[in-house]
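Q: Pasting a structure below so you can have a look.
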Amino acid sequence: MVPEEEDLEDLPEEESEEEELEEEIDPDAPLRQPIVAVLGHVDHGKTSLLDYVRGTAVVQREAGAITQHIGATEVPFETVSKICGPLLKEGTTTLPGLLFIDTPGHHSFTTLRSRGGALADLAILVVDITEGFKPQTIESINILKQQQTPFILVLNKVDKLPGWRTRTGSFLANNANQSSTAKNNFQMRMYEIIGELGEHGFDSALFSEIQDFQKTIALIPTSVKETGEGVPELFMILMGLAQRYLRGNLLLDDGSSEGTVIEIKEEKGLGKTLGVIIYNGILKASDTLIIGAQPEPIVTRVRSLLRPKPLDEIRDPRQQFDSVKIVGAAAGLKVVAPDIEGVVAGAPFYSASNDDEIDEALDKLTDAMKSNVKCTDEGVVIRADAIGSLEALAYELSAANIPIVKASVGDVSRRDVVMADPSDEEYRAILAFNVKIHPDAKEELHETGVKLFESDIVYRLLEDYQEWQEEIKDKQAQHLREDYAHPGKFEILEGHTFRTRDPAVVGVRVLGGRIALNQGVLRTDNSVVGRIQSLRSGDQVLKEALQGEEVAIAVNNVTVGRQISEGDVLYIEMDERAILKIREEGVKLGPIEEDIITEMQAFKKKDQPFWGR
């Protein structure tokens, strides 16, 4: 049974350890804004959601209408309250608002790290309900799982469903007035997405049917581009989850600030500026900044703090920034400071007001700049533009069972090539994520033949490497086939004896596996009667013939009618070591080839009981 709108004014009351812990927290303690990251596949509506809330059209001003840079937007409580209307009861939350981060995709989100892990307190995963999961959707789910970030899944573009009539306001109120056809279309698509989430280990349900929001992912249908349908419920759920389950993480700290650099940008009249997110503490215009950079941290002074107005976009503001003297978490702002060469997106920073705090910040920065990538004695070399993206790439490689010998932040150097060069062929590779290649590294790549893969999309980098890895394995398998006999079974065709001896030439059909030059011909009595001297198909000279092909073969040391006859089924002689070598090298034998080995075992076991096992 679907609840009425008034039933949604409060989230379901359930007992939990988190609630017991929250009782120890001063209920009057001030809270900072939760940081909410918006993720999803290209064109599924991430920026359009925030455009609807802001009343802007940032997405239209982006290149190709696709988000190119990380954005940050503060949505004050007054705006949240107006959006939610009666769904958000007065006095049910003490949150000052929400800070949204809009990302170009999986990569940018992974660069947004705090000292404790993920920067975002919550995430919204936007999925086009008509398209379902796409590559970046799956990447986003993987990284949310890796960083243990709680999230809500938005089923966007319900207005595109056949028969759906969208209107401003509540989804539940609108859903009640839909035709049975529209409702059925919605249910079908929603259950498909529930199934896809289940494959990734998540239970999910329509938000109005959830009893325990800690165990079940909330699905919230919306139409953000057309009417904003479902947005009131989305904001109500966001505020409720943050207030109830994250309160202990949102206590406002009045100490020195901690934050993350999201962008380095040249601004006319200002020079290089830092777009940053403050996730803890307070930043003052008189503070010293200690920032993670390559090759070593930078200590500099704040020149000015520029804060976008509420509902404005740090990436693409409609109005001028406000120059402020002090900013508390959580906030997005621009920082003007000298000597910031070497700072990269995703770098952590700390503020300090005295020498002791500077020393403490440098110690913390040393820890924060270390990656958690596990390296082995053998594997690929990886480079990335930030620790977060380095760890994200390493995570994907680990999931694909690809080892890593070296992992570093920064551009590809000659030393990386030297490190990759001695590796086995399939690991003689460098995966470079959103970084440059030094000229001496390019020269070394050319001389050594080490393979370089470059991309600013994690899954594409991984796919390109895996495709190349398969090519390497295919070549290795080809070499094995040339060096070692391969399972093969063939039949001498009736009426196809072209020469009876010196050598015998007969027409054959390959029944399974492969036959090739210089391989022994084996009878079912376990006797080798000759070797294949040549293969032909018409005038074409062949090196091998595969299952289903009919060719003429020349066999030495046999006479048709004596050692072999038309209609005989014969095999390719295999040394037992060849079978072991093929399997050790990971060459996959098909079911028919395995059957051929089993058949050979049957007539070889008299002399060699354990042959091929």
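The values are calculated or read from the model by the stated rules, or taken from the named source; none is laboratory data. Note that the structure is a prediction, hence the values are computed from the model and not measured. Counting neighbours? That spans all protein chains shown, and the Cβs are built from the backbone with ideal geometry, glycine included.
Q: Hey, can you tell me all the residues within segment 395-418 that are surrounded by 15 or more Cβ atoms within 10 Å (Cβ to Cβ) and either of a type in the set (Gly, Ala, Ser) or outside the structural domain of Trp468 (by TED's automatic domain parsing) (or both)?
A: The answer is Ala407, Ser408, Gly410, Ser413.
Q: Considering (1) buried (at least 19 other Cβ atoms within 10 Å of the Cβ); (2) part of a strand (DSSP E or B), say which one Ile340 fails and leave the rest.
A: Of everything listed in (1) buried (at least 19 other Cβ atoms within 10 Å of the Cβ); (2) part of a strand (DSSP E or B), Ile340 misses just condition (2).
Q: Can I ask one more? Can you tell me which residue among Gly240, Gly269, Gly259 is farther than 30 Å from Met369 by Cα and crowded, with 20+ Cβ neighbours inside 10 Å?
A: From the options Gly240, Gly269, Gly259, the qualifying one is Gly240.
Q: Quick one: would you say Gly91 is at pLDDT 80 or above, on the phi > 0 side of the Ramachandran plot, of a type outside the set (Val, Ile, Thr) and more than 17 Å from the chain's Cα centre (by Cα)?
A: Taking the combined requirement at face value, the residue does not satisfy it.
Q: Suppose the filter is acidic (Asp, Glu) and touching a strand residue (DSSP E or B) at 6+ places or on another chain (Cβ under 8 Å); does Glu566 pass it?
A: Taking the combined requirement at face value, the residue satisfies it.
Q: So which residues in segment 377-412 are in a helix (DSSP H, G or I) and at pLDDT 90 or above, if there are any at all?
A: Leu397
This table checks each residue for (1) at pLDDT below 95; (2) under 25 Å from the mean Cα position of the chain (by Cα); (3) outside the structural domain of Ala347 (by TED's automatic domain parsing).
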site: Ala420; (1), (2), (3): yes, yes, yes
site: Leu431; (1), (2), (3): no, yes, yes
site: Val435; (1), (2), (3): yes, yes, yes
site: Leu445; (1), (2), (3): yes, no, yes
site: Phe453; (1), (2), (3): no, yes, yes
site: Val458; (1), (2), (3): yes, yes, yes
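Q: Do any helices (runs of 4 or more DSSP H) lying entirely in segment 110-224 carry at least 1 residues that are charged (D, E, K, R), and which ones are they?
A: Because the criterion is at least 1 residues that are charged (D, E, K, R), the helices (runs of 4 or more DSSP H) in segment 110-224 that meet it are 135-147, 180-199.
Q: Also, quick follow-up: Can you tell me how many residues in segment 346-356 are of a type outside the set (Phe, Trp, Tyr) and touching a Gly at 6+ places or on another chain (Cβ under 9 Å)?
A: Adding up the residues that qualify gives 4.
Q: Hey, any hits in segment 555-564 for a residue that's surrounded by 18 or more Cβ atoms within 10 Å (Cβ to Cβ) and under 27 Å from Asp474 (Cα atoms)?
A: The answer is no, given that none of the residues of segment 555-564 is surrounded by 18 or more Cβ atoms within 10 Å (Cβ to Cβ) and under 27 Å from Asp474 (Cα atoms).
Q: I'd like the full set of residues that are touching a helix residue (DSSP H, G or I) at 6+ places or on another chain (Cβ under 6 Å) and under 27 Å from Thr137 (Cα atoms), limited to segment 433-464.
A: Phe433, Leu452, Phe453, Ser455, Val458, Tyr459, Leu462
Q: I'm told Ile515 meets every condition in (1) in contact with a Gly (Cβ under 9 Å, 6 or more places away or on another chain); (2) over 21 Å from Glu593 (Cα atoms) except one. Can you identify the failing condition by its number?
A: Among (1) in contact with a Gly (Cβ under 9 Å, 6 or more places away or on another chain); (2) over 21 Å from Glu593 (Cα atoms), Ile515 violates only (2).
Q: All but one of (1) under 27 Å from the mean Cα position of the chain (by Cα); (2) surrounded by fewer than 24 Cβ atoms within 10 Å (Cβ to Cβ) hold for Asp359, so report the exception by its number.
A: For Asp359, the exception is condition (1).
Q: Continuing with the same structure: Provide a single number: the residues in segment 390-415 that are within 24 Å of the chain's Cα centre (by Cα) and farther than 21 Å from Glu467 by Cβ.
A: Within segment 390-415, residues that are within 24 Å of the chain's Cα centre (by Cα) and farther than 21 Å from Glu467 by Cβ number 8.
Q: Anything in segment 579-596 that is surrounded by fewer than 19 Cβ atoms within 10 Å (Cβ to Cβ) and of a type outside the set (D, E, K, R)? List them, or say none.
A: Across segment 579-596, the qualifying residues are Leu580, Gly586, Val587, Leu589, Gly590, Pro591, Ile592.
Q: Looking at Trp611 and the list (1) within 29 Å of Lys473 (Cβ to Cβ); (2) assigned by TED's automatic domain parsing to the domain that holds Gly488, which single condition is not satisfied?
A: (2)
Q: If I ask for residues that are surrounded by fewer than 15 Cβ atoms within 10 Å (Cβ to Cβ) and of a type outside the set (D, E, K, R), which ones from segment 447-471 would you list?
A: Hits for segment 447-471 are Thr448, Gly449, Gln466, Trp468.
Q: Take Phe490 and decide whether it is touching a residue at least 40 places away in the same chain (Cβ under 8 Å), closer than 27 Å to Gln601 by Cβ and outside any helix (DSSP H, G or I).
A: Taking the combined requirement at face value, the residue satisfies it.
Q: Hey, among Lys374, Lys364, which residue is of a type in the set (Lys, Arg) and within 27 Å of the chain's Cα centre (by Cα)?
A: Unique residue meeting the criteria: Lys374.
Q: Is it true that some residue in segment 438-446 is among the acidic types (Asp, Glu) and surrounded by fewer than 15 Cβ atoms within 10 Å (Cβ to Cβ)?
A: Within segment 438-446 (the criterion being among the acidic types (Asp, Glu) and surrounded by fewer than 15 Cβ atoms within 10 Å (Cβ to Cβ)), the answer is yes, since at least one residue qualifies.
Q: Under 7 Å between Cβ atoms, which residue pairs at least 6 apart in sequence (or on different chains) link something in segment 495-520 that is within 11 Å of Glu544 (Cα to Cα) with a partner that is among the charged types (D, E, K, R) and part of a strand (DSSP E or B)?
A: That search, which allows pairs on different chains as well, returns Gly513/Lys489; Arg514/Glu544; Ile515/Glu544; Ala516/Glu544; Asn518/Arg531; Gln519/Arg531.
Q: Return a yes/no flag: does segment 518-529 have any residue that is within 51 Å of the chain's Cα centre (by Cα), of a type in the set (Gly, Ala, Ser) and more than 26 Å from Asp595 (Cβ to Cβ).
A: No, every residue in segment 518-529 fails to be within 51 Å of the chain's Cα centre (by Cα), of a type in the set (Gly, Ala, Ser) and more than 26 Å from Asp595 (Cβ to Cβ).
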